[in-house]
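Visitor: First the structure, which I've put down as C-alpha cells, then a few questions once you've had a look.
The values are calculated or read from the model by the stated rules, or taken from the named source; none is laboratory data. Treat the numbers as computed from the prediction; the structure is a model and nothing was measured. Every residue, glycine as well, gets a Cβ built from its backbone with ideal geometry; the counts of neighbours run over all protein chains shown. Only protein heavy atoms, including side chains, enter the accessible area calculation; ligands, DNA and RNA are left aside. Shrake-Rupley method; radii C 1.70, N 1.55, O 1.52, S 1.80 Å.
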Amino acid sequence: MAAASETESPSPQILIPNEWSTAADLIACGAVSFPIAFVCGPKNSGKTTFARHLVNVLLQRHKRVAFLDTDVGQTEFTPPGLLALTVIDKITPDLTIPCVKTPARCFFFGDISSKRDPTTYLTYIKALYDHYMETEIQGAGLPLVINTPGWVKGIGYEILVEMLRYISVTHVVKLQRSVLARNLPDGAFWLNEGDADSATTVIEINAPSQNHLNSTAPMRKDARLLRDLRLMAYFRQCFPSDTSISTIKELSHALASHPPYEIPISSIKIKHLHCQVTTTETFYSLNATIVGMAISSVSEQLPQCVGLGIVRAIDTVKGVLYVITPVPPHILEDVDLLLQGFIQIPISLLQVQGCISPYLSTNVLSTN
C-alpha cells in the first residue's frame, strides 16, 4: 500500500502515446489562455491517465490548474463517493498510484455511480463548476480539466450531454476504443439538431492498444481494488507522514489503536443517502460505516463535505459517536451533518489476522 506524496518520482510503467502528447500540447499551447478541457470516453479508454497528463502539461505554463472530478467510482485525488473540485499546484509524474489531495470544494454523493440519483449528481457538478467560475477564473485565471465516468450509454450519455450544455468548455477530448459501438458519437454530440456550430474544439484520440499495455498505459486493475487503495490512502492521513506504515496490515493495526473523536449525538444530524432507514434502525445502520462529514450551515440543500470518517462505535447511553477521521479538529468543530451512503470500509482492513477490530477501541478524543 502506498500513497503518492508531493515529490513523486516518475513512473517507468507509462509511456504517453505521441497522439496524446500532441492533443495535450494543442490544449495547453493554443489560443485559449485558460482552457476548460472536458475529457470523456468509454470505460478503460485511458481518460484519467490522459486527464492527469494534461494537468501536468498545463502546469508547465500555469502555476495552478483546477481539476473537476465527476467520476465518483474512480476518483483521482479524493476517496470514492465524492464529487470534487481540486486545485493542483505541483506536477505528479507517477500516474499509477493514489494521489490524495484536499479539494477546494467537494460534495459527498455517497455512491460509486450516478445511477441511483442522476438529478442530485448533476446538481453537485453544476455547483462545483459555478464555484470555479465565481472564484478561480475571476481571481487567478485557472485552466480547468474535467474528468468524467466511462458510462457513455443510456442515462450515462444523457448526463454527459447535460454537463456539456451547462459547462462552457473550450475543448472536448474524446477517447475512442477499437470497438466502435462503445464509443461516443462523432463530432459535437451534445448539440441539438439545428443548433449553431459550437465554438468548442473537439479532439478525438485513440485509447492505447491493449497489446501494448505494459509499455503505453497503466495495467488494468480491479475497480474495487482501486477504490480500496484510495480509501486506505485517505485514512492513512490520520497519522503523521513519517509514521512507519507501508502495508495494509500496518495500517489496520494503526487504525485499531488510533484514538477516535467523541462527537455528541445531539450536535449533529444524520442523513441517509439513496435509501430510507427507520428511526429505530438509524444507529445500527451507522455503526462501522464510512460517512461523509458535512457542514449544513453553509447550505442545507448543498451541504459542503469536509472529509470522510469511520464510525467506530456508538454509545447511545452517553449520547456520543466515536469517529476516526483525518479531518483536522478545527474543521471538525463545524461539522453538524453525517451523510451515510454506500461507500464501504475496505474488506482488507477488516481481515488482517491478529488485528483487533478498529471499532473496539476505548481511547477517546473530545471535540469539545
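Visitor: Does Ser168 qualify as being open to solvent by 60 Å² or more (accessible area, probe 1.4 Å), touching a residue at least 24 places away in the same chain (Cβ under 8 Å) and under 20 Å from Phe67 (Cβ atoms)?
Guide: Values: open to solvent by 60 Å² or more (accessible area, probe 1.4 Å): yes; touching a residue at least 24 places away in the same chain (Cβ under 8 Å): yes; under 20 Å from Phe67 (Cβ atoms): yes.
Yes; evaluated as a whole, the condition is true for this residue.
Visitor: Which of the following residues is within 30 Å of Thr243 (Cβ to Cβ), open to solvent by 10 Å² or more (accessible area, probe 1.4 Å), at pLDDT below 95 and assigned to a helix (DSSP H, G or I): Thr7, Thr48? Steps first, answer last, please.
Guide: Details: Thr7 fails: assigned to a helix (DSSP H, G or I).
One residue alone meets the criteria, Thr48.
Visitor: OK, next. Since Leu142 meets every condition but one in (1) open to solvent by less than 50 Å² (accessible area, probe 1.4 Å); (2) of a type outside the set (Lys, Arg); (3) closer than 23 Å to Ile270 by Cα, which condition does it not meet?
Guide: With (1) open to solvent by less than 50 Å² (accessible area, probe 1.4 Å); (2) of a type outside the set (Lys, Arg); (3) closer than 23 Å to Ile270 by Cα applied to Leu142, the lone miss is (3).
Visitor: I'm trying to understand the selection: among the residues of the range 125-142, which are hydrophobic (A, V, I, L, M, F, W, C), part of a loop (DSSP other than H, G, I, E, B) and at pLDDT below 90? Before you say what the answer is, go through the steps one by one.
Guide: Step one: filter the range 125-142 for residues hydrophobic (A, V, I, L, M, F, W, C), giving 125, 127-128, 133, 137, 140, 142.
Keeping just the survivors that are part of a loop (DSSP other than H, G, I, E, B) gives 140, 142.
The one that is hydrophobic (A, V, I, L, M, F, W, C), part of a loop (DSSP other than H, G, I, E, B) and at pLDDT below 90: Ala140.
To keep it simple, each residue is scored yes or no on (1) in a loop (DSSP other than H, G, I, E, B); (2) at pLDDT 95 or above; (3) farther than 24 Å from Ser45 by Cβ.
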residue: Ile205; (1), (2), (3): no, yes, no
residue: Pro208; (1), (2), (3): yes, no, no
residue: Leu213; (1), (2), (3): no, no, no
residue: Arg220; (1), (2), (3): yes, no, no
residue: Leu226; (1), (2), (3): no, no, no
residue: Arg230; (1), (2), (3): no, no, no
residue: Phe235; (1), (2), (3): no, yes, yes
residue: Asp242; (1), (2), (3): yes, no, yes
residue: Ile245; (1), (2), (3): yes, no, yes
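Visitor: Is there any pair linking a residue in the range 143-156 that is in a strand (DSSP E or B) to one that is open to solvent by less than 30 Å² (accessible area, probe 1.4 Å) and small (Gly, Ala, Ser), with Cβ under 6 Å and at least six apart or on different chains, and which?
Guide: Leu144/Ala66; Val145/Ala37; Val145/Ala51; Asn147/Ala51
Visitor: Being surrounded by fewer than 23 Cβ atoms within 10 Å (Cβ to Cβ) and in contact (Cβ under 8 Å) with a residue 12 or more places away in the chain is the filter here, so list the residues in the range 278-300 that pass it.
Guide: Just the residues of the range 278-300 that are surrounded by fewer than 23 Cβ atoms within 10 Å (Cβ to Cβ), to begin with: 278-289, 295-300.
If the condition is that a residue be surrounded by fewer than 23 Cβ atoms within 10 Å (Cβ to Cβ) and in contact (Cβ under 8 Å) with a residue 12 or more places away in the chain, then Thr282, Phe283, Ser285, Leu286, Asn287, Ala288, Thr289, Ile295, Ser296, Ser297 are the ones that fit.
Visitor: When the range 309-335 is examined, which residues are found to be surrounded by fewer than 15 Cβ atoms within 10 Å (Cβ to Cβ) and in contact (Cβ under 8 Å) with a residue 40 or more places away in the chain?
Guide: Thr316, Gly319, Pro329
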